[in-house]
Amino acid sequence: MTIYLDHAAATPVDRAVAAAMCEALTDPQLQANPAATHAAGEAARGRVEQARAEVAALIGAAAGEIVWTSGATESNNLALIGAARLRAGRGRHLVTAASEHASVLAACDELERQGFAVTRLPTDPMGIVEPAVVAAALRPDTTLVSLMQVNNETGVVQDIAAIGTLCRERGVLLHVDAAQAAGREAIDVRALQVDLLSLSAHKMYGPKGIGALFISRETVRRVEPVLVGGGQERGLRPGTVATHQVIGMGVAARLAAGRRVEDCARLVPLREALWAGVSRLPGVFLNGHPQRRACHILNVSVAGIEGESLLHALRELAVSSGAACAAESAEPSAVLRLLGRSPELAQGAIRFSLGRVTTAVEVARAVEVFVTGVERLRRLAPPA
Ligand code: PMP
């Protein structure tokens with residue numbers, strides 16, 4: 001049996017989520033289009049709105065500030081492209097970090113092709129984007145800063161509150177990709193002074209293919225849609241709302257809000273036991289900040305071993321080298337290169353990510369598999 005340690009790529013759907021989705025797919029009362037004005041439409045709409053309130057509650061927002069999307073990729077695209085375009089009259093400069101998810105970086109590339117300027121900030125060797133570095137990058141024509149709360153490869157947590165304060169002072173919108181943070185870190189959009197925030201259900205025990213974008217009340221008129229069509233979601237995201245997906249995300253958000261502290265209190269010692277076990281070997285390095293890390297991710301580099309051979313040796317474990325979405329690329333992780341890791345160490349990196357189903361027995365077995373695998377590979381090809 002494979003030991004699943006890839007929760008940063010996808011979490012298993014919670015049984016309560018699956019049950020609610022199943023009901024939504026089979027209950028004759030919930031089959032109408034939630035935009036329809038008849039009673040059947042109203043019934044479906046009621047459940048969609050309940051889910052909207054549940055997702056809003058997870059991040060301290062109001063229900064009316066949540067727009068459904070297909071996932072964090074779409075949320076990131078809508079936030080960046082939608083806000084940059086509508087604010088182009090005020091300025092055409094954006095600030096982000098080079099360690100962001102591909103969906104933010106690619107949206108920035110697209111904006112550059114449309115004549116916008118983008119500053120991609122470096123991180124320090126621990127993966128932190130210092131607020132002072134963000135402040136220094138702001139220009140009179142900057143309209144948006146986009147930074148993730150928790151990095152998907154290293155788990156490093158950024159100081160969003162400090163960055164929120166400085167963006168507010170300068171009248172610049174702040175977008176936060178919170179796909180990995182939801183259910184792990186506390187998120188309060190008002191306290192953090194965030195204007196836009198992306199979420200993905202499948203990173204928090206919900207289904208794949210559904211996400212949300214928080215757009216604050218004050219910001220909503222400053223974002224234009226990326227997709228065009230009907231007027232759903234106040235015209236910001238046209239298309240029939242997927243009732244069952246939305247209901248699933250609502251339940252997932254409610255569970256995440258209720259279990260976050262308890263889940264993390266259980267995961268931190270498991271993650272530390274994993275680190276203590278794998279770091280018994282020489283030449284194993286922690287990637288990211290030793291403390292400012294979300295509870296679920298442990299990323300290590302292994303000296304003298306090629307990433308692919310290591311993954312092969314660890315095939316009893318479902319883990320990834322770098323981010324799952326970049327799994328087809330043989331390039332060393334750009335996020336780890338930013339930390340100053342050599343191409344060899346960046347390529348020999350393994351991301352373990354733990355979740356609700358992870359047990360201490362699985363962690364102990366993962367350590368055993370890792371240690372024997374690395375020792376065997378090193379015997380086969382001793383370091384030069
Ligand atoms: N942002 C981050 C930080 C992520 O980890 C992911 C998932 N890999 C995404 C965005 C994209 O999310 P989705 O798969 O829902 O499009």
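No value in this document is a laboratory result; all are computed from the given coordinates. Just so it is clear, the structure is predicted and the values come from calculations on it, not from any experiment. Glycine gets a Cβ as well: all are built from the backbone with ideal geometry, and neighbour counts include every protein chain shown.
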Discussion item. If I model a spin label as a point 7 Å beyond the Cα along the Cα-Cβ vector, how far apart are those points for A88 and L380 in nm?
Written reply: 5.3 nm
Item to complete: Using only C-alpha atoms and all pairs of different ones, pull out the Kirkwood radius for the chain in Å with one decimal.
Response: 21.5 Å
Fill in: Residue among V194, V133, V241 with the largest mean-square fluctuation in a Gaussian network model of the chain, springs linking Cα atoms under 10 Å
V133
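Would you mind calculating the relative contact order of the chain from Cα pairs under 8 angstrom and at least 6 residues apart, reporting the percent as a whole number?
Numbers: 781 pairs, mean separation 90.4, N = 384.
The value is 24 percent.
For A18 and L286, what does the FRET efficiency come to when R0 = 30 Å and r is the distance between their Cβ atoms, rounded to the nearest 0.05? Walk me through the numbers before you get to the answer.
Numbers: r = 35 Å, r/R0 = 1.18.
Step by step, r from the Cβ atoms, then E = 0.25.
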Item to complete: State, to one decimal in nm, how far the label point of A36 lies from the label point of R120, with both points 7 Å from Cα in the Cβ direction.
Response: 4.7 nm
Fill in: Hull-based mean projected area of the range 1-95, where the convex hull spans the alpha carbons, in square nanometres
10.0 nm²
Discussion item. Just to confirm the number: angle between the C-alpha axis of helix 15-26 and the first principal axis of the chain, 0 to 90 degrees, nearest 10?
Written reply: 40 degrees
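If I stretch the segment between Q50 and H312 completely, what's the gain in nm (0.36 nm per residue apart, minus their alpha carbon distance), one decimal? Before the final figure, lay out each step's value.
Numbers: separation 262, 0.36 × 262 = 94.32 nm, distance 4.49 nm.
Value of the extension gain: 89.8 nm.
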Item to complete: Compute the semi-axes of the equivalent ellipsoid of the range 39-157, taking the square root of 5 times each eigenvalue of the Cα gyration tensor, and list them largest first in whole Å.
Response: 31, 19, 13
Discussion item. Over the chain, with a Gaussian network built from C-alpha contacts below 10 Å, which listed residue (P225, P207, P269) shows the highest mean-square fluctuation?
Written reply: P269
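Quick one: what do you get for the range 167-320 if you divide its Cα Rg by 2.2 N^0.38 Å? Kindly include the intermediate steps, with their values, before the conclusion.
On the way: Rg = 19.7 Å, N = 154, 2.2 N^0.38 = 14.9 Å.
Ratio of Cα Rg to 2.2 N^0.38 Å: 1.32.
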